Amino acid sequence: MTIIEDQDHLMGTVFLRFYEELNDFLPEAMQKQWIEREFKEGTTLKAVIEELGIPHTEVDLVLVNSDSEEFSYRLKPGDRVSIYPVFESLDIRGFSRVRPVPLRQVMFVLDVHLGKLTKYLRILGFDSLYSNDYTDDEIALISKRDHRAILTRDRGLLKRKIITHGYCIRSKDPDSQLKEVISRFDLMHAFHPFTLCLVCNRVLITVEKAAVSGIVPERVAKYYSEFKKCPSCNKIYWKGSHWVSMEKRLKKLHFNRSKWDSHLHD
Ligand SMILES: [Zn+2]
């Protein structure tokens with residue numbers, strides 16, 4: 001009986017095609033080709049896209065029969081739907097994107113399994129909230145409250161309706177995760193290393209060398225002249241081993257130093 005009722009509500013068939021890295025979320029048989037889907041009356045673009053396992057936060061532009069439409073658009077029989085990811089080099093000027101306003105200054109809230117990536121982002125000066133006991137609800141609320149982009153490997157979290165900005169990390173390796181985030185959010189020109197506390201995420205304040213002598217190890221006082229302090233936990237920072245290993249990491253990930261070097265001497 002239920003089956004007959006369901007069939008009564010079927011409105012027809014639509015065709016969907018996902019572009020670029022959105023195909024990462026699809027089984028191979030569905031990748032880079034038109035997918036035929038039956039749909040029920042009232043089905044929205046957001047629903048049909050997420051039924052296929054793609055979080056709406058991964059999507060930047062949806063064209064229905066060549067016109068750009070919002071997530072709330074209700075499908076009509078025979079619609080041809082092209083779905084594009086946030087993709088900097090794709091020229092979509094002239095179409096309105098599904099997301100109303102881009103984030104002006106990107107800030108993050110990270111899921112509980114991304115502690116190491118959090119530290120990397122803080123070393124590079126990106127405001128990143130993290131706690132290893134956040135619940136999914138807390139992460140979603142923090143994202144909405146502060147306009148922070150969510151970073152997670154759990155695509156289910158990104159399907160929540162209140163979330164507008166987020167990215168589903170593909171890699172399990174923290175170095176590759178960093179590379180994904182820098183590329184995805186186009187952060188190459190926005191590094192401000194040595195500005196945030198790696199523990200508290202607070203903005204560091206400059207302190208005189210005289211104020212740290214006797215606190216930092218002697219060899220550090222000898223070789224470094226620039227020091228900063230966290231106003232929350234009082235930890236003292238200098239451009240020592242954290243920064244040296246980050247420079248090596250960026251080099252290994254093939255980020256061209258000349259593009260961000262100028263920020264190091266602010
Ligand atoms: Zn601190």
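The values are calculated or read from the model by the stated rules, or taken from the named source; none is laboratory data. Note that this is a predicted model, so its numbers are computed, not measured. A quick note on method: Cβ atoms are made from the backbone with ideal geometry, for glycine too, and the neighbour counts reach across all protein chains shown.
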- Checked region 122-131 for anything of a type in the set (S, T, Y) and either modelled with pLDDT under 90 or more than 15 Å from the chain's Cα centre (by Cα) (or both); matches are S131
- Item | Residues located in region 144-180, provided they are touching a strand residue (DSSP E or B) at 6+ places or on another chain (Cβ under 7 Å), under 23 Å from F255 (Cβ atoms) and among the hydrophobic types (A, V, I, L, M, F, W, C) | A149, L151, C168, I169
- Within region 215-226, the residues that are loosely packed, with under 11 Cβ neighbours inside 10 Å and either part of a loop (DSSP other than H, G, I, E, B) or modelled with pLDDT of 90 or more (or both) are P217, S225
- Extreme residue, modelled with the lowest pLDDT, among residues of region 132-159 that are part of a loop (DSSP other than H, G, I, E, B) and farther than 12 Å from E58 by Cα: H147
- Looking at (1) under 30 Å from W238 (Cα atoms); (2) more than 11 Å from the chain's Cα centre (by Cα), which is the one condition that is false for K144? (1)
- Message: Every residue in region 160-214 that is in a loop (DSSP other than H, G, I, E, B), within 16 Å of the ligand (Cβ to nearest atom) and closer than 24 Å to A140 by Cβ, please.
- Response: C200, N201, R202
- Query: more than 16 Å from the ligand (Cβ to nearest atom), hydroxyl-bearing (S, T, Y) and within 28 Å of the chain's Cα centre (by Cα) - does that describe any residue in region 230-240?
  - Reply: no
- Residues of region 122-178 being in contact with a Pro (Cβ under 8 Å, 6 or more places away or on another chain) and more than 22 Å from F25 (Cβ to Cβ), in sequence order, are I123, L124, G125
- Item | Given (1) charged (D, E, K, R); (2) surrounded by 15 or more Cβ atoms within 10 Å (Cβ to Cβ); (3) under 25 Å from E50 (Cβ atoms), number of the condition E138 does not satisfy | (2)
- Message: Whether any residue in region 41-53 is surrounded by fewer than 14 Cβ atoms within 10 Å (Cβ to Cβ) and in a strand (DSSP E or B) is what I want to check.
- Response: no
- Go through region 56-75 and count every residue that is within 14 Å of T44 (Cα to Cα) and aliphatic (A, V, I, L, M). 4
